[in-house]
Amino acid sequence: MNSSLLGESPVFNQQELISRCLDNWELVDRILAKFLSRFEEDFVEMNRAVTTGDAQIIVRVAHRLKGASATTAAIRIRDAAGRIEELASHGLLNEIPDRLRELRQEGNRFAETLAALGATAGR
Amino acid sequence: MSNITNRTTETVMRVLVVEDDDIVAEIVANALSAFGYDVAIATDGRKAFELLRTGEYRLVLSDWEMPEMNGVELCRQIRERHWSSYIYVILLTSHSGVDNTILGLEAGADDFLTKPFQPQELRLRLRVGERILALENRDLTVFALAKVAESRDEQTGAHLERIREYCRILADELSHHKDYCDTIDGEYVHLVYLTSPLHDIGKVGIPDKVLLKPGRLTPEEFEVMKQHAMIGAETLAAAAKAHPEAHFLGMAREIAMTHHEWYDGSGYPCGLAGKDIPLCGRITMLADVYDALTSARVYKPAYSHETAKAMIVKGSGTQFDPDVVDAFLRREDDFQAVRRKTDAATSEGHAAAATIAPPISIPEPSSPQPVL
């Protein structure tokens, strides 16, 4: 999946997350904070696994990040993680570094989007 | 806060959420708590299985991919073990495709929820699970209640078992009748089978001195005994009002109230006549009388099938609905088979008991008593 296709999806669907959290704003803030922290941890773990060539770890972590980002409505991160999961499950480890760079960019965009929203906007 | 209806039932359903991702787990738990469920979280299948062994959880919402034991393996292990009651399992997964669905269903999952979940869908799918679990309780509870009511009086063993079989046979036969084929389907037959044992539940409200009197009842005592029909109907009506989702209670009420109504209007408690008597009541009337005739009582011996049949045919159009009598005549072999089967089962039980306890002497009846 190339950047232009990824670019068609929103970075973050705030309303979707609010709806999923049943308008519990405290929960929304908590989830977003957890997710930002999780993203960094998972990114580091996948990078390490690329270095060691451990496809199984990459699949597991990418799948987990895909699920968490889908639940958090971090759409582009979800898509990027899904692509990494697919490549790793087919053993195409040499293509993963580029996808990890994409994932890094999407993570940065997500954090910037949250900052712009102020995390408490819309209350 | 969105409009969420709180559960008002006293018993709160507990849900076990099995999810290793704390973000997903927290959002799911928040939704379930808002819907009124009591939530516990296990982070892998193995921990979940240990929690299930406490017997406190009958609803499980499990992720697919997890360390130690994934959701599919958890399902498999749940189904391999014998539990005191059914455990309803919903798999929460981002796995799509028919192959994965088959895999989950083969492992024993009852339903699926796709990630990312929608709260309303989660709520509705859990309600499906609750309805399934309620069905398991229903059949057991109904028969247990009926047995409690039966235990006070001197009905011979397996009376309720025979009644429901007789009713099922009659309803099944009538389902082929042109006047009833639109009314009676498989569900109706099953409901009659399920609820006919409750026909005399009102007897719990009759004093022992009347209910257990071995001899003929005085007119005053008979008036007291007749009240069991209304007592049973009122009890079941109250239960139906408290639990409107329990549609089977409606038929149970009709049977309790009308199984002593005579076709010619000379029965009780309301003097209903003809087709104004609910069909289930007309069916249960014949089944109950046949069983009474072919069972021994303190005041009479068990009549043969032929004798009972002759008495029922004689009562066609007066006590009994002619259509129901015709159905009985077409299926009399099945009636006799039910009797033989329960008598054989009762004899085996008595033989086993005789090796344990000395025989009990039964006093001779003082005088012959009317049956109907």
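Mind checking whether some residue in region B:91-110 is in a helix (DSSP H, G or I), modelled with pLDDT of 85 or more and in contact with a Pro (Cβ under 7 Å, 6 or more places away or on another chain)?
Here is the first cut: in region B:91-110, the ones in a helix (DSSP H, G or I) are B:98-107.
Filter again for modelled with pLDDT of 85 or more, leaving B:102-107.
Those left that are additionally in contact with a Pro (Cβ under 7 Å, 6 or more places away or on another chain): none.
Looking through region B:91-110, none of the residues is in a helix (DSSP H, G or I), modelled with pLDDT of 85 or more and in contact with a Pro (Cβ under 7 Å, 6 or more places away or on another chain).
Residue by residue through region B:40-58, note down the ones that are open to solvent by less than 20 Å² (accessible area, probe 1.4 Å), at pLDDT below 95 and not in a helix (DSSP H, G or I).
Correct list: B:Asp44, B:Tyr57.
Determine whether region A:94-105 contains at least one residue that is within 11 Å of another protein chain (Cβ to nearest Cβ) and either loosely packed, with under 14 Cβ neighbours inside 10 Å or under 17 Å from B:Ile23 (Cβ atoms) (or both).
no
Please work out if A:Glu86 is open to solvent by 30 Å² or more (accessible area, probe 1.4 Å), in contact (Cβ under 8 Å) with a residue 24 or more places away in the chain and within 14 Å of chain B (Cβ to nearest Cβ).
Answer is no for this residue.
Which residue pairs have Cβ atoms under 8 Å apart, sit 6 or more places apart or on different chains, and have a first residue in region A:56-81 that is more than 11 Å from chain B (Cβ to nearest Cβ) and in contact (Cβ under 8 Å) with a residue 60 or more places away in the chain and a second that is open to solvent by 10 Å² or more (accessible area, probe 1.4 Å) and of a type in the set (S, T, N, Q)?
A:Arg76/A:Ser9; A:Asp79/A:Ser9
Among B:Leu74, B:Leu92, B:Leu133, B:Leu126, which is touching a helix residue (DSSP H, G or I) at 6+ places or on another chain (Cβ under 7 Å), closer than 25 Å to B:Val12 by Cα and either within 14 Å of another protein chain (Cβ to nearest Cβ) or open to solvent by less than 30 Å² (accessible area, probe 1.4 Å) (or both)? Show your work before the answer.
Numbers: B:Leu92 fails: touching a helix residue (DSSP H, G or I) at 6+ places or on another chain (Cβ under 7 Å); B:Leu133 fails: touching a helix residue (DSSP H, G or I) at 6+ places or on another chain (Cβ under 7 Å); B:Leu126 fails: touching a helix residue (DSSP H, G or I) at 6+ places or on another chain (Cβ under 7 Å).
Unique residue meeting the criteria: B:Leu74.
Which residues, counting only those in region B:59-86, are at pLDDT 90 or above and of a type in the set (Lys, Arg)?
B:Arg76, B:Arg79
Considering region A:15-53 alone, what residues qualify as being buried (at least 18 other Cβ atoms within 10 Å of the Cβ), over 16 Å from A:Lys66 (Cβ atoms) and away from every other protein chain (no Cβ under 14 Å)?
A:Val50
Criterion first (of a type in the set (Asp, Glu), farther than 30 Å from B:His190 by Cβ and more than 14 Å from chain A (Cβ to nearest Cβ)) does B:Asp111 satisfy it?
Here the answer is no, as B:Asp111 does not meet what is asked.
Which residues, taken from region B:147-203, are more than 15 Å from B:Ser295 (Cβ to Cβ), at pLDDT 90 or above and of a type in the set (Asp, Glu)?
Scanning region B:147-203 gives B:Asp172, B:Glu173, B:Asp179.
Looking at A:Arg78, is it crowded, with 20+ Cβ neighbours inside 10 Å and either touching a Lys or Arg at 6+ places or on another chain (Cβ under 6 Å) or under 16 Å from B:Glu26 (Cβ atoms) (or both)?
Considered against the rule, which asks whether it is crowded, with 20+ Cβ neighbours inside 10 Å and either touching a Lys or Arg at 6+ places or on another chain (Cβ under 6 Å) or under 16 Å from B:Glu26 (Cβ atoms) (or both), A:Arg78 comes out as yes.
Is there a residue being β-branched (Val, Ile, Thr), open to solvent by 20 Å² or more (accessible area, probe 1.4 Å) and within 14 Å of another protein chain (Cβ to nearest Cβ) anywhere in region A:107-114?
Checked against the condition, which is being β-branched (Val, Ile, Thr), open to solvent by 20 Å² or more (accessible area, probe 1.4 Å) and within 14 Å of another protein chain (Cβ to nearest Cβ), region A:107-114 yields no hits at all.
Out of (1) within 15 Å of the chain's Cα centre (by Cα); (2) touching a residue at least 24 places away in the same chain (Cβ under 8 Å); (3) open to solvent by 20 Å² or more (accessible area, probe 1.4 Å), the odd one out for B:Pro197 is which?
Every listed condition holds for B:Pro197 apart from (3).
Output the residue which, of all residues in region B:212-227 that are in contact (Cβ under 8 Å) with a residue 12 or more places away in the chain and under 23 Å from B:Glu254 (Cβ atoms), is least open to solvent (accessible area, probe 1.4 Å).
Within region B:212-227, the match that is least open to solvent (accessible area, probe 1.4 Å) is B:Met225.
Which one is nearest to A:Ala73 (Cα to Cα) among residues in region B:59-69 that are surrounded by 21 or more Cβ atoms within 10 Å (Cβ to Cβ) and not aliphatic (A, V, I, L, M)? Full working, then the answer.
First, the residues of region B:59-69 that are surrounded by 21 or more Cβ atoms within 10 Å (Cβ to Cβ): B:59-64, B:66.
The next check asks that each one be not aliphatic (A, V, I, L, M); those that pass are B:62-64.
Details: B:Ser62: 20, B:Asp63: 18, B:Trp64: 20 Å.
The qualifying residue nearest to A:Ala73 (Cα to Cα) is B:Asp63.
The values are calculated or read from the model by the stated rules, or taken from the named source; none is laboratory data. Just so it is clear, the structure is predicted and the values come from calculations on it, not from any experiment. Every residue, glycine among them, receives a Cβ derived from its backbone with ideal geometry; neighbour counts consider all protein chains shown. Note: accessible area is taken over every heavy atom of the protein model, side chains too, but ligands, DNA and RNA are not part of it. Shrake-Rupley method; radii C 1.70, N 1.55, O 1.52, S 1.80 Å.
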